[in-house]
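Worksheet: one structure, shown below.
The values are calculated or read from the model by the stated rules, or taken from the named source; none is laboratory data. All of these numbers come straight from a predicted model, not from anything done at the bench. Cβ placement follows ideal geometry from the backbone for every residue including glycine, while neighbour counts extend to all protein chains displayed. Surface accessibility is based on the protein's heavy atoms, side chains included, excluding ligands, DNA and RNA. Shrake-Rupley method; radii C 1.70, N 1.55, O 1.52, S 1.80 Å.
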Protein chains: 6
Amino acid sequence: MSTAAFPGTFDPFSVGHYDIVQRALLLFDSLIVAIGVNVEKKTLYTVGERKANIESLFAHDPRVSVQAYEGLTVDFCRKAGVTHIVRGVRSSADFAFELAAAQTNKAMLPEVDTVLLPALPEWAHVSSTIIRDILKNGGNAAQFLPTGNF
Amino acid sequence: MSTAAFPGTFDPFSVGHYDIVQRALLLFDSLIVAIGVNVEKKTLYTVGERKANIESLFAHDPRVSVQAYEGLTVDFCRKAGVTHIVRGVRSSADFAFELAAAQTNKAMLPEVDTVLLPALPEWAHVSSTIIRDILKNGGNAAQFLPTGNF
Amino acid sequence: MSTAAFPGTFDPFSVGHYDIVQRALLLFDSLIVAIGVNVEKKTLYTVGERKANIESLFAHDPRVSVQAYEGLTVDFCRKAGVTHIVRGVRSSADFAFELAAAQTNKAMLPEVDTVLLPALPEWAHVSSTIIRDILKNGGNAAQFLPTGNF
Amino acid sequence: MSTAAFPGTFDPFSVGHYDIVQRALLLFDSLIVAIGVNVEKKTLYTVGERKANIESLFAHDPRVSVQAYEGLTVDFCRKAGVTHIVRGVRSSADFAFELAAAQTNKAMLPEVDTVLLPALPEWAHVSSTIIRDILKNGGNAAQFLPTGNF
Amino acid sequence: MSTAAFPGTFDPFSVGHYDIVQRALLLFDSLIVAIGVNVEKKTLYTVGERKANIESLFAHDPRVSVQAYEGLTVDFCRKAGVTHIVRGVRSSADFAFELAAAQTNKAMLPEVDTVLLPALPEWAHVSSTIIRDILKNGGNAAQFLPTGNF
Amino acid sequence: MSTAAFPGTFDPFSVGHYDIVQRALLLFDSLIVAIGVNVEKKTLYTVGERKANIESLFAHDPRVSVQAYEGLTVDFCRKAGVTHIVRGVRSSADFAFELAAAQTNKAMLPEVDTVLLPALPEWAHVSSTIIRDILKNGGNAAQFLPTGNF
């Protein structure tokens, strides 16, 4: 039984995040979308809003659950009993960050491995930062959000 | 039933490659080490030598098989019925190459997805090119090769 | 009739920015230096100071105008009727950001294209961040500013 | 009157190259697709084949011409009287190469400037190397080639 | 007599920083660990705590001293009479930042040169940011800190 | 007594290489320009030509010597009794290569450390490959070569 955590802030959950979950479900028996909560960081949507939104997107699939967590990702992984961390990677800059994160997490929790999924070309430029920027300015971000999303 | 292809030249198969196979076996039911043969490219070891070497390294694990192939990786994947391609990534430069390869392969064979595993820090600088260079010059490359390797 | 927007914060406008405007004027009939205003971001110079400064630098050239804008760059471009966005690029890190921005902007406003001009070697290390840091600490940043600038 | 040279090997001319020409025509009065000939480099198509192919793709547009050249790009630019070099950029790795090339060309021929166009997301992974590899192995590369191409 | 400044925030001083000092001492007669103080930036440890900690780590070596400074690094270097700035580099992203910093510093203070030491593989993923994150969340960061550190 | 090896192909020795030697002489008591000879690689200048050229450039400075070597750089370093390897770095792409080389060399010869010097902005785009290309095509590469060079 393999279980992946897909950690992120998901403010908001984008088409790119949706694609990663779909592809990760071909690799793992179950997947937890793990919303990292950092009280010092101002977000556009509350944790509750984000959790409800992601849950509704995957309401049809019992393999997907959503949990919010505070603190270190490795501590969450230990408590949740996950076997893998999964992350999408869009660019070399993303990769440099993910490599360091994966290596640090492995140094702290060797039994959990990190799997990286390369972004599809059509989503490689989509980021939550850009979507938030569009939404804050009253723009139309529908093309960057899964159907039924904010 | 998921089956991964781990394509590469493996001239020779390094500790880094060995680590990728071990970690990929936590994700897939079986794995084919797929030795890409390019007749125009001069190699240090023959295909037969490389195949025999990798087979002996995984003789204890029936989930691992070794196959040589000519032509496109996607054609090999189609014939071999694999569900995923798995590759290790050591650096941003590696990643740029792997991202383009993954996106091209997906454009040609959408049903096969690519999974990237970030290299462990201790192997991030190990490459077959460097090992070949050491071996050609009579150096000792033992620390970069799985036990029992060339 | 082609019109480019050169968007940025320009806090302050550097020799590198000046070079980009000069080179862009060989490509476009007119150019708007578009000062992006983000009320949440603390700046060293007010929008008015920056606008007056850039206007004085190009007072001799009627093809150059300066406008401040709030909100999305694509919304500004639509209203201003520009045909292109022009940006300077100094490094691979810059490029990664500009590529994502260009692709997002094109997804939202397909009729406006982005043109990138590679920085001259002598300005490749100059950034407004560094200049601000020098000015805040009472240093001499004259070599990084167009003649007549702050 | 501005004239751009779009230098490359174009072995073969891809959908990505086609897109660059289309977008460059919004910036320049005319454009020369400049096929760099390196007799030491083995190509899949002859210079004649490539020239005829690109000419047929733009037969409808008198602003586009095709020329083959040997030697330095700056020497070609000087003789052809071009004002700009235009190149597409797909990734940070591409950019690093293009930045050095642009800076060297400017050091040798200051009156010609280089303009970079960021690749569209859907073509960012397409390269002539990959297309050649597909064609050599009898694969179907139609989706990476302009309609009517090889 | 050569003297290096090793500038940084050191919040906290990591095994990676410790390694850089040890290796720099093979190049320079003496070394100043220069704690950059930015009153706008919230730190986990006070300047006094960081200074005392680093001093105790090198109490055995009279060649190493520790100084806090405000303002520009080049101003500190000028006053302290250093001949070189030394910095560790872990990744391409680090390098891009260090290259721009080195070039700017040289433009402002030509007589001081910058020397970069590549991180050892085992420390390449260690950053003060990650250590702070672990410590803030009550995790065990001992493996990332020199013996006797916080 | 510290001795650095500055290994490279130096086909030909550029202004950038010259700058690295000058700056390295502030760090080391003596420096060996170590011309790596790879009989499989075709060069523009013979080893003898390159050795004579570099020797004449530093004829005035007894601290600089020139040696050609075949085989691994670490083997040369061991035999020559050097304490450090010094290399110039122009870009993130360069750095990725140098980081892997430095880490591999340290794994094979722990007592020799690698020092990287960031290229000056004015030489950051100069490479021997580009210079050779200019020279082969009858161009004027004088601005990229130390005075008195080829």
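The accessible-area ordering, largest first, of the residues F:LEU116, F:LEU26 stands as F:LEU26, F:LEU116, per a 1.4 angstrom probe. Report, in debye and to the nearest 20, how large the dipole of segment D:3-140 comes out about its Cα centre when Lys and Arg carry +1 and Asp and Glu carry -1 on their Cβ. It comes to approximately 160 debye. Based on C-alpha pairs under 8 angstrom that are at least 6 apart in sequence, segment D:3-140 has a relative contact order of 31 percent. Label-point distances for B:GLY81 to the equivalent site in the other copies, using a point 7 angstrom along Cα→C-beta, read 3.3, 6.5, 6.6, 6.7, 7.9 nm when ranked shortest first. Note on F:THR46/E:ARG78: beta-carbon distance plugged into 1/(1 + (r/R0)^6) with R0 of 51 Å gives a FRET efficiency of 0.65. Summed over both chains, the area buried between A and B is near 1900 Å², taken from the accessible surface of protein heavy atoms with a 1.4 Å probe.
When chain A is treated as a GNM with alpha-carbon contacts under 10 Å, the residue of A:ILE32, A:ILE130, A:ILE54 showing the greatest mean-square fluctuation is A:ILE130.
A Cβ-based charge dipole, computed about the Cα centre of the protein assembly as shown with Lys and Arg at +1 and Asp and Glu at -1, lands at about 0 debye. Counting from the shortest, the label point at E:SER2, 7 Å from Cα toward Cβ, is 0.4, 4.8, 5.0, 5.0, 5.2 nm from the same position in each remaining copy. With contributions of -39500 (n - 2.57) from each DSSP H run of at least four residues, the per-residue ellipticity at 222 nm computed over the protein assembly as shown stands at -11000 deg cm²/dmol. Straight Cα distances below 28 angstrom link E:LYS79 to the lysines C:LYS136, E:LYS41, E:LYS42, E:LYS51, E:LYS106, with same-chain residues fewer than 8 positions distant left out. Residue by residue along F:79-92, Cβ atoms of other protein chains within 10 Å of the local Cβ number 3 on average. Taking the charge dipole of segment F:3-140 about its Cα centre, with +1 at Lys and Arg Cβ atoms and -1 at Asp and Glu Cβ atoms, the residue from F:PRO118, F:ALA34, F:GLN22 reaching farthest to the positive side is F:ALA34. Only sites in a loop by DSSP and with at most 13 other Cβ atoms within 10 Å count here; which GluC sites (Glu not before Pro) in segment A:91-145 make the cut? In loop regions of segment A:91-145 (DSSP not H, G, I, E or B), the sparsely surrounded GluC sites (Glu not before Pro) are A:GLU111.
Accessible area of D:SER128 (1.4 Å probe, protein heavy atoms only, ligands and nucleic acids ignored): about 20 Å². Per-residue accessible area (protein heavy atoms, 1.4 Å probe) orders A:ARG132, D:ARG78 as D:ARG78, A:ARG132, starting from the largest. Binning the alpha carbon pair distances of chain C at 5 angstrom intervals from zero yields the distribution 2, 9, 19, 22, 23, 16, 6, 2, 0, expressed in whole percent.
Search the structure for amide H atoms under 5 Å from the amide H of B:THR43, placed 1.01 Å from N in the peptide plane, and list their residues when 5 or more places away or on another chain. So B:THR43 has HN proximity to no qualifying residue. The string of couplings for segment A:137-143 from the Karplus curve (6.51, -1.76, 1.60, θ = phi - 60°) is 9, x, x, 9, 9, 3, 5 Hz, one whole number per residue in order, with x for Gly and Pro. Chain C holds its axis-closest Cβ, relative to the rotation onto A, at the residue and whole-Å distance C:ALA93, 4. As a fraction of the 1.4 Å probe accessible area of the protein assembly as shown, surface on carbon and sulfur atoms comes out at 53 percent. Sparsely packed loop sites in segment F:13-66 (the GluC sites (Glu not before Pro) outside DSSP H, G, I, E and B with at most 12 other Cβ atoms within 10 Å) comprise F:GLU40. A Gaussian network model of chain E, with springs between Cα atoms under 10 Å, assigns the largest mean-square fluctuation among E:ALA119, E:ALA80, E:ALA107 to E:ALA107.
With every protein chain in place and a 1.4 angstrom probe, the accessible-area ranking of C:HIS17, F:HIS84, largest first, reads C:HIS17, F:HIS84. For chain B, modelled as a GNM whose springs connect Cα atoms under 10 angstrom apart, the maximal fluctuation among B:PRO118, B:PRO62, B:PRO12 occurs at B:PRO62. Each part gets one Cα centre, and for segment E:90-137 versus segment A:1-61 those centres are 33 Å apart. Inter-copy label distances for F:GLU55: 5.4, 5.5, 5.5, 6.8, 8.0 nm (label point placed 7 Å from Cα along Cα→Cβ; shortest first). Rounded to the nearest 20 debye, the dipole magnitude of segment B:79-150 is 200 debye, with +1 charges on Lys and Arg beta carbons, -1 on Asp and Glu beta carbons, and the Cα centre as origin.
Each of D:GLY138, D:PHE76, D:GLN103 was placed along the dipole of chain D (beta-carbon charges, centred on the mean Cα), and the one lying farthest toward the positive end is D:GLY138.
Once the 1.4 Å probe is applied to the protein heavy atoms, chain B comes out at 42 Å² accessible per residue. Solvent-accessible surface (1.4 Å probe) assigned to A:THR46 amounts to roughly 80 Å².
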